[in-house]
Amino acid sequence: MPLVRPRPGGRGASRLTTPDARLRRALAAAMEVARAGEASMPPLPAPTGLLPFLRFARLPPAALAATRRVLEADAEFRARVAAATDESEVGREGWLFLTRPDGWDTELEAAAAEERAEQDARRQLSRLEATVARLELDLAEVRRELARATVALAEERRVSADASRRAAELADRLTAARDERERRRGDAQAAATEVARLRAELAAQAPVVDIAAVASAVEGASAAADRLRHQLATATAALHAYDTAPDAVDPPADANAGAPPLPASPSPSQAARRKPVPLPPAVFDDSDEAAVFLVRVNGMVLLVDGYNVTMLGWPGLPIPDQRARLVDALAELVARTGAEVEVVFDGSADTSARAIGARRGVRVSFSPPGVEADDVVIARAGAIPSHRPVTVASNDRRVREGAHAAGANVVSSAQLLAALRR
């Protein structure tokens, strides 16, 4: 193959941008030719520029650059290298660099451009892969957020369903209470009608009797009977309150003569002498702050309408558990405020509730047979000495009116529950 002998500025000269690494095999072959020449007999001197690198087993970047400069400048040495190798050993680009046929530099530049394009493509691919990985991480986080939001939504729906169910249960209980109230009103109206009928029948059977006098006597007897019933309820409630005191014991059958006298029912003047405790400025009667203030008043006696409070505070619990919850909460109130607390429940006595209340500073009592807890609470409000401040906790209108008549402060069951939670 004819050799290309470059002339200054001629076709053999080049300003290639091909990296040394792509010509490594051709440059290594040139270094081997130089070493072989030095070792031959007679020796063929190696180009001066290669002498510092002849002993290197692996050519460093500086040796590659020096070898390339020598091959660029020394056409005869380049021809020796081309004669000592072939294209299969040095590759297409190395062979073009050594032999330099027509268009060799253009072909080398095209190969270099193709390599650069491939490298750019690989870099772009790497960037795209990194972007895809980041987007996949973002997508995974979005999916986790969606899962958490789905769980939260399910919980909110469950809570809403529970609230709706509780509201429906309370509405049913309110309807039942209203129906019971209407039934009792109907019974009262029927009783009044029966009394009127009996009076009319009596008048018809005894026409010679002075009807006005009889009516007056009947009204007087009725009023006396009402007073007796009230006094009986008061005495029964007071007796029951003494019987259920924390330190009370059952007296022997023959000990009645030495028993302490029952507290008398309060007279109108005694009830009038007690005045409700005035509230601080800007504290309203129906506010939670009013209940919190009243239970902390020095010497305060707190009377609690038991089931009226528990049915509002713990409606879903069994009755014994309701009583226990209320007694525990009242005991904590006693520990915080030092108030004297009495709670009255309807029905038969629960000795365990009494014992627990006594141990924790709360007087627990149950209304006697035939007497409602409302009557016991009203009687106790009137029986407490007038110099002691009294607060009654109930939503029952009759209890509240009786407490007001006895000069007591009155709070609702909801106000008391709020004070218990403070």
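Just a few scattered comments:
- Rounded to the nearest whole Hz, the Karplus-based 3J(HN,Hα) values (6.51 cos²θ - 1.76 cosθ + 1.60, θ = phi - 60°) of region 416-422 follow the sequence 5, 4, 5, 5, 5, 8, 6, with x at glycine and proline.
- The trypsin sites (Lys or Arg not before Pro) of region 27-59 that DSSP puts in a loop, and whose beta carbon has at most 16 other beta carbons within 10 Å, are Arg55, Arg58.
- For Phe366, residues with placed amide H under 5 Å, excluding near neighbours: Phe345
- Distance between the pseudo-spin-label points of Val159 and Glu401 (7 Å out from Cα toward the beta carbon): 4.2 nm.
- Ordering Leu98, Thr67, Ala111 by the projection of their Cα atoms onto the charge dipole of region 48-127, which places +1 on the Cβ of Lys and Arg and -1 on the Cβ of Asp and Glu, puts Thr67 at the extreme positive end.
- Our coupling estimate for region 62-74, obtained by passing each phi through the Karplus curve with A = 6.51, B = -1.76, C = 1.60 and θ = phi - 60°, is 5, 5, 4, 5, 5, 4, 5, 5, 5, 5, 5, 8, 10 Hz, Gly and Pro reported as x.
Bear in mind these aren't lab numbers, they're just calculated from the coordinates by the rules spelled out. Model, not experiment: these values are computed from the prediction. Note that each Cβ is placed from the backbone with ideal geometry, even for glycine, and that neighbours are counted across all protein chains shown.
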